[in-house]
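> Input: one structure, supplied below.
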Amino acid sequence: MNSHTPLTCPSTSTPDWRQTLPLPLLEAALILTWSSGFVGARFSMDYAPPLLVVFWRCVVVTLLLLPFVMRSLRRTSPAVLLKNAGIGLLAMAGYLAGVIQGIALGVPAGLAAVFANLLPMAVALLAAGVLGQRLAWPVWAGMGVGLVGVVMVTLGALAWGNAPLWAYGLPVLGTLSLAVATLWQKQLPAAQSMDLLPNLWLQCAVSSIAFALIEGSQGSLAPIPSTGFALSILWTVGLSTLGGYGLYWICLRRASATRVASILYLCPPVTMLWAWAMFNEPLTWPMVSGMAVSGVGIWMVVRAEARQSG
């Protein structure tokens, strides 16, 4: 698998900031913005059903980006639009619906977070089993160490809960959905890839339809007239969608799918830092230790991949 498959087709020789900025800086921003999605979900639960917030988050992004992407969308063939829409449904609607709906049905948030952080393993197993990609054993070892760090961070929040048994499969299915989307995007030829903003617009447009069907079957889709609801939308639009998903695809353009997925091992401890700063939730030494262990795991993955590519 080519770890440098571009997400866009370069049209000019002007340097692109997505290519010139150091990859570790982009990855640090990805960790910060991706973890903001969990904080936004935690904040919004006091004001609205989580999937209602996600629905309006997608609607607002769709409306905001439309004037900037209309020309590009008109020039894109229906076949390319269809493929990228499929990736968007899996990456956004499939992932978020699986994790959030699982929590809404009673799956404890800590356990759902552990399931969601099986993403690096899911990407690696799918790449090996479906695409025939071989990973060196230090990469597998690094992913294992990173997962141990995640468990250490979330250990205090782990519980079995009272959800129906089938509901525990929803976060797992959501994680698999994002893993499939990640590898599908990585395998797309350059000619079939879309630029970042049209790609985000398409993902949010198709996902808003999916969330409308899911949430609409359970209640009203009308926005809730409250400051808390509005702040939830603004937070998740700016940081979680434009920031988190935007940086995820940018980093995927620059690095392997395994590396990008492994970087997200640091999201649970960073989420705990967010929660400590914003909600005064406890920050313990096991959480800090888990962050350090996850960092070691990520370093092992990055180092092993650098040796493998060299």
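Please treat every number below as a calculation from the coordinates, not as lab data. Computed from a predicted structure; not experimentally measured. We place every Cβ from the backbone using ideal geometry, glycine too, and count neighbours over all the protein chains shown.
> Where is the GNM fluctuation largest for the chain (alpha-carbon springs, 10 angstrom cutoff): V296, V237, V153?
Most flexible of the set in this elastic network: V296.
> With n ≥ 4 as the cut-off for DSSP H runs, can you work out [θ] at 222 nm for the chain, using -39500 (n - 2.57) per run divided by the number of residues, rounded to the nearest 500?
It lands at -22000 deg cm²/dmol.
> Rounded to a whole number, what is D in µm²/s for segment 155-246 from Stokes-Einstein with the Kirkwood radius over alpha-carbon pairs (10 °C, 1.306 mPa s)?
Approximately 96 µm²/s, per Stokes-Einstein.
> In segment 22-309, if every C-alpha pair distance is counted and binned at 5 Å from zero, what percent goes to each bin?
Going out from 0 Å in 5 Å bins, segment 22-309 shows 1, 6, 12, 17, 20, 18, 14, 8, 4, 1, 0 percent.
> Tell me, what is the percent relative contact order of segment 22-309, built from C-alpha pairs under 8 Å that lie six or more residues apart?
Computed value for segment 22-309: 40 percent relative contact order.
> In whole Å, largest first, what are the principal axis extents of the Cα atoms in segment 182-310?
53, 48, 23
> Order of S256, S226, S262 from fewest to most other C-beta atoms within 10 Å?
Fewest to most other Cβ atoms nearby, the residues stand as S226, S256, S262.
> Once amide H atoms are placed 1.01 Å from N in the peptide plane, what residues at a sequence separation of 5 or more from Q133, or on another chain, have their amide H within under 5 Å of its amide H?
Here A128 satisfy the definition.
> Show me, for segment 92-103, the HN-Hα J-couplings you get by feeding each phi into the Karplus relation (A = 6.51, B = -1.76, C = 1.60, θ = phi - 60°), rounded to Hz, glycine and proline as x.
Those phi angles translate into 9, 5, x, 5, 5, 5, x, 5, 5, 5, x, 5 Hz.
> Hey, what do the phi angles of segment 240-245 turn into as Karplus ³J(HN,Hα) couplings, whole Hz, using 6.51/-1.76/1.60 and θ = phi - 60°, x for Gly and Pro?
6, 8, 4, x, x, 5
> Can you compute 3J(HN,Hα) from phi for each residue in segment 38-52, using the Karplus curve 6.51 cos²θ - 1.76 cosθ + 1.60 with θ = phi - 60°, rounded to whole Hz and x for Gly and Pro?
5, 5, x, 5, 4, 5, 6, 4, 7, 10, 6, x, x, 6, 5
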